[in-house]
Amino acid sequence: GDLDKVVNLLLSLSGRLARVETALGSLGPHTPAEDKLALREKQRLLVAQLEDAKELKEHVGRREEAVGAMVARYLPAEHLQDYQHFIKMKSALIAEQRELEEKIKLGQEQLRCLRESL
């Protein structure tokens, strides 16, 4: 459960940071200084939160290793391999699910824009 939450947190923060950086990159020369400052502050906060989330993921990883060592004492080798594969794939599948959800949102937004333009 913690792994799910941390991976989702990392994905959310990195997505938000990417959007802020895109917004910063698209600012024109006539953008008010306060808008630029607000975006830079948001970027700074997101970078700090992302670093904290990475540390949290490392902590969860260490705890995962400890649990894995304990599980290894009780599971036969075949089941242990299944457990280890499950843990490795879980993060990848969460990231893939999130990416697919983002693509669906983008597709829905594009479809809405197309309908409005007709």
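The values are calculated or read from the model by the stated rules, or taken from the named source; none is laboratory data. Note that the structure is predicted; figures quoted are calculated from it, not measured. Note: accessible area is taken over every heavy atom of the protein model, side chains too, but ligands, DNA and RNA are not part of it. Shrake-Rupley method; radii C 1.70, N 1.55, O 1.52, S 1.80 Å.
Numbers at a glance
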{"read-out": "Structure-derived semi-axes √(5λ) of the Cα gyration tensor in Å - corresponding label in (1) 23, 17, 13; (2) 20, 20, 12; (3) 39, 21, 7", "value": "(3)"}
{"read-out": "Apportionment of accessible area to carbon and sulfur, the chain, percent (1.4 Å)", "value": "58 percent"}
{"read-out": "Helix runs (DSSP H) in the chain reaching 24 Å along axis by Cα, Kyte-Doolittle at least -0.5", "value": "2-25"}
{"read-out": "Candidate lysines for bridging to Lys42, where Cα separation is under 23 Å - those fewer than 8 sequence places away on the same chain excluded", "value": "Lys5, Lys54, Lys57"}
{"read-out": "Value of [θ]222 nm, deg cm²/dmol, for the chain, DSSP H segments ≥ 4, -39500 (n - 2.57) each, nearest 500", "value": "-33000 deg cm²/dmol"}
{"read-out": "Per residue accessible area of region 2-90, 1.4 Å probe, in Å²", "value": "73 Å²"}
{"read-out": "Global form of region 52-118, assessed from the alpha-carbon gyration tensor, a/c cut-off 1.5", "value": "oblate"}
